[in-house]
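First up is the structure itself, then whatever we jot down about it.
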Amino acid sequence: MTSVNPEARGARESRPTGFRPALARGILRLPVYLLLAVASVFSVLPFLWMVIASTHSTPELFGTPLPVLPGDQLWENLARLQESVNFSQVMLNSLGIAVVYTVFSAVVSVMAGYGLATYRFRGRGVLLGVVLVTMMIPMQVLLVPLFQMMASAGWIDSYQAVILPFLANAFGIFLMRQSFLDFPVTLIEAARIDGAGELRTFYRIVLPVARPQLAALVIYTFISQWNAFIWPLLMLNTEDRYTVPVALNTMIGMSRVDYSGLMLGSLLATLPLMLLFLVFQKQFVSGLMGGAVKG
């Protein structure tokens, strides 16, 4: 009879049973990880080039060899950017428009989504269908009638013309409706029996449950309004009222383009969005996923 070493047998028994399957899964997933790593590098390269280009002059960007390290023209480019488009002012314009639009659009989306999810009334399905159909209408189709409406109201070259026409966001209404669908109606009825009004019931009981979806909606709305270009371009005529995308567009001339200034302006315009997403990325992802799985 062959004797077995007790220490070797104990070592085999102490080894985790799932060690080999986990190692095999890791080896099988290695190509996927490598592909994701390469894709991440390629996705970062444009932003890295924008950082490098913003620190060089325009002739250096077209010189040989191509610059691969940051240069020493950052402050010169910043001064030229400020002088050409008054960049600090247009940043404040974009920030103010985006914040005001985000707040009021979120209020409209939350209230409309709550009404469509919890109230039972005739034509509710038809109304929801109309809201969803508006998502399929291209914005270019709406430009001419909206422009005529703003001109009739005397709102051309005003901030309310940029903000008001798109406050009712179909995507936001649908997202908030999905977040309120599974909320227990019995809690709302209990609050009403206890004497709570509709607004108090909504803000104290219902709305806290939808915080992830609301955070996702706020981030999405702010980013979309910050990057809006066509409608502010049509509405705003005064340079001091321009938003960041409109102001950067004015730097593209017929015979000369200040590429280094454009790169610096694009970099400065991107940083607030990146910071906003990095701070609230968990709420953004959980909010979108939470609204997607509810039917």
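Simple spin-label estimate for Gln148 and Arg204 gives 4.9 nm between the two label positions (7 Å along the Cα-to-Cβ direction from each Cα). By the beta-carbon count within 10 Å of each Cβ, the least crowded to most crowded order of Leu278, Leu262, fewest first, is Leu278, Leu262.
Here Val99 and Ala196 are evaluated by their C-beta separation; at R0 = 25 Å the FRET efficiency comes out at 0.25. Length gained on full extension, Glu83 to Phe42, computed as 0.36 nm times the residue gap minus the Cα-Cα distance: 11.4 nm. Potential lengthening of the chain between Met139 and Ala168 amounts to 9.1 nm, from the contour at 0.36 nm per residue minus the alpha-carbon distance. For the chain, hydrophobic long helices are taken as DSSP H runs at least 18 Å long by C-alpha position along their axis with mean Kyte-Doolittle hydropathy of -1.0 or more; these are 19-53, 87-118, 139-153, 211-226, 259-292.
Laboratory data are not the source of any read-out in this text; all were calculated from the coordinates shown. Small disclaimer: the values here were computed from a predicted structure and weren't measured. Cβ coordinates were reconstructed from backbone atoms using ideal geometry, including for glycine residues, and neighbour counts include every protein chain displayed.
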